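Worksheet for the structure shown next.
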Amino acid sequence: MKKPVIGIVLDLAKDSNKYAYSPMPWYAIRKCYADAVINAGGLPIMLPYSEDASVLLSMIDGLILPGGDEDINPKFYGRDIISNKVKTNDIRAEFELGIVKQALKMNMPMLGICNGLQVINTVFGGTLIQHIPDIVNSGVNHEQPAPKNVPTHSIVIESNSLLAKIAGNTKVMVNSTHHQAIETVGKGLNVSALAEDGIIEAVESTDYKFLIGVQWHCEYLNSELDHNLFKRLVEASAVVV
């Protein structure tokens, strides 16, 4: 059995003043994403944006949609921008929405993380809260200050969900670094975890080989659940040769 190849979508940075790396657009991803895949027994490769996503998908066995510092343009789920906190990256969003649709047709195992959860929900016809504090009066700071990797609030996991089986528990502490969240759940997706304030923290679907989206950054491997999410993705992506 060969190591499952897990494709990780790259982020596209264009603001050289903010990122202080290059005056030209450049791809980026935190090393911990790749480390988490390697730790789970997979082989990570980074996916640049391509008009022919099918070629990229033919090279991999599983797909990770990572987090990012920008938002999905509400036009992709049929809404206008109503918050000045929304920062869009249409180039990335168009690529991710397209590759997810193709990956679903192939029943490719998929893990969405933060932005990746929101991409999956959008593909399934759901909508997003554009800025949580505008809608939800909460004692939970979903956009926690640095350090971003440290767990700061708990989630409650639906007991009959796949996520609960992976977690071995129904309450887990997670980090939180997002200002948007699922508003309307996409058709065919099931909510599998909530924050204390009712914000949706995870969705999944039993219609596919492996399809889970989480709102926290499990690539930091803070919990047994985080480790197991990558392990289950790699296991589901295994191909016997």
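The values are calculated or read from the model by the stated rules, or taken from the named source; none is laboratory data. Quick caveat, the model's predicted, so the values are computed rather than measured. Every residue, glycine as well, gets a Cβ built from its backbone with ideal geometry; the counts of neighbours run over all protein chains shown.
Please work out which residue is surrounded by the fewest Cβ atoms within 10 Å (Cβ to Cβ), limiting yourself to segment 191-241 and to residues that are outside any loop (DSSP other than H, G, I, E, B) and charged (D, E, K, R).
224
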Report summary line: When residue 100 is run through (1) buried (at least 20 other Cβ atoms within 10 Å of the Cβ); (2) farther than 22 Å from residue 34 by Cβ, the failure sits at (2)
Requested in this report: List every residue pair whose Cβ atoms lie under 9 Å apart, where the two residues are 6 or more positions apart in sequence or sit on different chains, the first residue falls within segment 216-231 and is among the basic types (Lys, Arg), and the second residue, located anywhere, is part of a helix (DSSP H, G or I).
Outcome: 231/39; 231/166
**Report entry** Per-region count, segment 65-98, residues outside any helix (DSSP H, G or I), over 16 Å from residue 29 (Cβ atoms) and out of contact with any Ser or Thr (no Cβ under 7 Å at 6 or more places or on another chain)
**Finding:** 10
Requested in this report: Working only within segment 20-36, note down all residues that are within 18 Å of residue 68 (Cβ to Cβ) and either of a type in the set (Val, Ile, Thr) or over 19 Å from the mean Cα position of the chain (by Cα) (or both).
Outcome: 20, 21, 22, 25, 26, 29
Requested in this report: Return the residue satisfying two criteria in turn: it lies in segment 18-54 and is assigned to a helix (DSSP H, G or I) and modelled with pLDDT under 95, and of such residues it is surrounded by the fewest Cβ atoms within 10 Å (Cβ to Cβ).
Outcome: 18
Query raised in the report: Do we have any residue at all in segment 121-139 that's crowded, with 23+ Cβ neighbours inside 10 Å, at pLDDT 95 or above, over 14 Å from the mean Cα position of the chain (by Cα) and within 20 Å of residue 210 (Cβ to Cβ)?
Result: no
Query raised in the report: Which of the residues belonging to segment 170-187 are in contact (Cβ under 8 Å) with a residue 40 or more places away in the chain, of a type outside the set (Val, Ile, Thr), farther than 17 Å from residue 70 by Cβ and in a strand (DSSP E or B)?
Result: 173, 183
